[in-house]
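Presented below is the structure to which this report refers.
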Amino acid sequence: MSEIIELKVPEIGGHAGVSVIEVFVAPGDAVAAGDSLIMLETDKATMDVPAEAGGVLRQLKVAVGDKVSAGDVIALLEAAGEPAQPVAAAAAPAAAQAVSGDADLECDMLVLGGGPGGYSAAFRAADLGMKTVIVERYGTLGGVCLNVGCIPSKALLHVAAVIEEASHFADCGVAFGAPQVDLSALRAHKEKVVGKLTTGLAGMAKARAVEVVRGNGRFVDANHLEVSLTAGEGKDETGARRLIRFKQAIIAAGSQPVKLPFLPDDPRIVDSTGALELREVPGRMLVIGGGIIGLEMATVYSSLGARIDVVEMADTLMAGADADLVKVWEKRNAHRFDRVMLRTRTVGVTCRPDGVMVKFEGEQAPESEQKYDMVLVSVGRRPNGKLTGAENAGVAVDERGFIAVDRQQRTNVGHIFAIGDIVGQPMLAHKGVHEGHVAAEVAAGHKRFFDARVIPSVAYTEPEVAWVGLTEREAKAQGIRVGVGKFPWAASGRAIANGCDYGFSKLLFDEETRRVVGGAIVGPNAGDMIGEVALAIEMGCDPDDIGKTIHPHPTLGESLGMAAEAFDGHCTDLPPQKKR
């Protein structure tokens with residue numbers, strides 16, 4: 001007997017319309033339960049989708065470039081013999097035998113990882129009376145985000161935004177000369193920003209009596225972590241070790257950039273960390289991956305003088321955002337790019353003394369290979385679960401490195417929690433911070449749950465693009481009837497005065513309940529304004545709640561109130577609309 005079963009896309013962190021960027025199987029292939037079928041890419045990460053059962057693949061339902069959502073059928077599988085059983089969550093490994101002897105350090109709460117989620121969890125645990133230790137591989141707290149990610153990139157993006165704005169001031173009667181870029185001074189500015197924040201974190205840790213142990217930590221059993229101490233500017237291990245005994249632990253070990261296996265090892269081929277070192281401004285730069293991180297770095301390097309090409313396997317840049325937002329962004333950024341190659345993939349890279357030679361395949365691939373001075377690889381991030389030794393503590397880690405948790409951030413081991421990138425999408429620092437607070441409070445005996453309705457996403461490009469809750473595309477994919485209230489900034493006095501009347505704000509309302517379920521903004525300071533939409537969704541606001549809230553005038557923020565009015569057809573700052 002045989003059975004034909006459908007292999008479907010699992011829950012993917014609330015995302016819908018996610019791009020298929022690689023297919024690993026073909027009809028006729030024999031697959032085992034857990035084998036990777038396809039790779040998906042969201043705006044900041046990639047993920048493999050494993051087979052739920054084993055058998056022979058009879059029909060493939062997806063191809064590279066397709067958009068999929070949770071529940072979509074990937075393939076039809078013929079399972080021989082007994083009906084195939086779905087793969088459960090990662091099986092819980094047996095914890096290693098408990099370490100005997102004295103530990104070098106004992107604590108109530110151990111936090112592995114000192115990024116935004118980790119230090120927030122540690123500080124909250126200390127505030128609640130727990131003796132707390134942070135294990136962090138970098139020389140300063142803040143993790144990837146503060147040291148080599150979010151914060152240094154925003155320092156550079158601010159400089160890029162000022163350069164861009166100054167270039168347009170001649171139309172206002174104020175002309176500036178061409179910018180003179182001093183890379184050494186720019187790097188120093190970036191490091192000063194980072195240093196101010198890391199110094200502040202060190203002071204807050206000291207004030208809370210939180211001990212920071214620098215090194216790479218690995219669990220050795222369910223109550224011990226061994227730390228290989230590190231030193232210097234990097235993460236070089238000294239050979240010394242410390243053993244820490246803990247009562248409870250929070251795993252906040254984050255993620256790392258995905259590496260493409262066919263790329264050679266060359267200093268001109270960098271990930272986001274390497275790009276932020278700002279060693280030089282290349283004449284010509286390729287960005288592999290059209291997500292938020294790659295486009296932010298493209299903005300920086302373009303403003304400093306580089307010419308940019310972008311290659312993306314999907315059919316759009318900035319996957320996750322609605323097409324109307326991306327369209328505005330593309331129009332404003334057309335001057336930055338020589339080529340934007342969609343539905344195209346990188347198939348070969350060779351390094352020569354005079355440049356990095358790259359071959360492409362796809363709909364918009366150039367006929368000949370192209371030469372670049374720098375190549376930025378920005379195709380997502382992978383969780384660090386496999387690097388923590390969590391299995392030794394009995395914690396289940398799946399094949400991709402993710403750790404499953406419940407709504408209180410508990411792993412399958414009751415006294416060990418996990419937060420941030422390592423527990424799944426979206427991989428965003430602000431999500432990790434809130435998860436860290438929940439984990440610490442639950443560990444202290446409080447009744448807390450991570451029950452956020454929505455988590456905002458922001459591209460800190462020029463202009464900024466921000467969205468939260470359902471997008472129009474996701475609503476359509478999920479069969480939810482929504483109405484849209486959109487306010488064009490061409491009708492905003494502040495936007496016209498600021499030279500940003502190309503932007504807009506929009507809100508999505510459930511047609512049945514009239515509650516706001518999503519929103520998006522494109523334009524300067526979009527990331528600063530999207531929080532109001534997130535709050536409105538959390539509070540279950542309807543158009544009257546938002547539209548009748550008095551916003552200050554003239555501001556860009558009042559466009560949200562006007563978008564709510566536009567939904568009901570009575571915005572007096574727009575031409576007469578059809579009333580509902």
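The values are calculated or read from the model by the stated rules, or taken from the named source; none is laboratory data. Nothing here was measured: the structure is a model prediction, and the numbers come from that model. Please note: Cβ atoms are built from the backbone with ideal geometry, for glycine as well, and neighbour counts cover all protein chains shown. When the accessible area is computed, the model is the full protein with side chains, heavy atoms only, and any ligands, DNA or RNA have been set aside. Shrake-Rupley method; radii C 1.70, N 1.55, O 1.52, S 1.80 Å.
Table for the structure above
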item: Per-region count, the stretch 437-469, residues aromatic (Phe, Trp, Tyr) and in a helix (DSSP H, G or I); result: 0
item: Neighbours by Cβ (under 8 Å, 6+ apart or cross-chain): first from the stretch 47-62, more than 11 Å from residue 23 (Cα to Cα); second basic (Lys, Arg) and not in a loop (DSSP other than H, G, I, E, B); result: 52/8
item: Residues located in the stretch 163-185, provided they are among the β-branched types (Val, Ile, Thr) and either touching a Ser or Thr at 6+ places or on another chain (Cβ under 6 Å) or open to solvent by 80 Å² or more (accessible area, probe 1.4 Å) (or both); result: 163
item: Conditions (1) of a type in the set (S, T, N, Q); (2) part of a helix (DSSP H, G or I); (3) more than 21 Å from residue 298 (Cα to Cα): number failed by residue 147; result: (3)
item: Matching entry among 391, 363 (being more than 30 Å from residue 313 (Cβ to Cβ) and more than 19 Å from the chain's Cα centre (by Cα)); result: 391
item: Filtered residue count, the stretch 395-424, keeping only those that are touching a residue at least 24 places away in the same chain (Cβ under 8 Å), open to solvent by 30 Å² or more (accessible area, probe 1.4 Å) and part of a loop (DSSP other than H, G, I, E, B); result: 8
item: Tally, over the stretch 51-70, of residues that are open to solvent by less than 40 Å² (accessible area, probe 1.4 Å) and of a type outside the set (Val, Ile, Thr); result: 7
item: Test set (1) touching a Lys or Arg at 6+ places or on another chain (Cβ under 8 Å); (2) modelled with pLDDT of 95 or more; (3) not in a loop (DSSP other than H, G, I, E, B) - residue 364 fails condition number; result: (3)
item: So residue 188, is it exposed (fewer than 14 other Cβ atoms within 10 Å of the Cβ) and over 26 Å from the mean Cα position of the chain (by Cα); result: yes
item: Number of positions in the stretch 128-144 that are within 24 Å of residue 448 (Cβ to Cβ) and part of a loop (DSSP other than H, G, I, E, B); result: 5
item: Of all residues making up the stretch 275-290, the number that are open to solvent by 10 Å² or more (accessible area, probe 1.4 Å) and either of a type outside the set (A, V, I, L, M) or at pLDDT below 95 (or both); result: 5
item: Selection count where residues are part of a loop (DSSP other than H, G, I, E, B) and touching a residue at least 40 places away in the same chain (Cβ under 8 Å), scope the stretch 173-199; result: 1
item: All positions within the stretch 306-322 that are modelled with pLDDT of 95 or more and surrounded by fewer than 21 Cβ atoms within 10 Å (Cβ to Cβ); result: 306, 307
item: Helices (runs of 4 or more DSSP H) fully within the stretch 470-570 counting 2 or more residues that are within 25 Å of residue 319 (Cβ to Cβ) and open to solvent by less than 10 Å² (accessible area, probe 1.4 Å); result: 526-538, 558-568
item: Check on residue 322, among the charged types (D, E, K, R), on the phi < 0 side of the Ramachandran plot and in contact with a helix residue (DSSP H, G or I) (Cβ under 6 Å, 6 or more places away or on another chain); result: yes
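Listed here are the residues, each with its yes/no results for (1) among the polar types (S, T, N, Q); (2) out of contact with any strand residue (DSSP E or B) (no Cβ under 8 Å at 6 or more places or on another chain).
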residue: 224; (1), (2): no, no
residue: 230; (1), (2): yes, no
residue: 260; (1), (2): no, no
residue: 275; (1), (2): no, no
residue: 278; (1), (2): no, yes
residue: 284; (1), (2): no, no
residue: 297; (1), (2): no, no
residue: 310; (1), (2): no, no
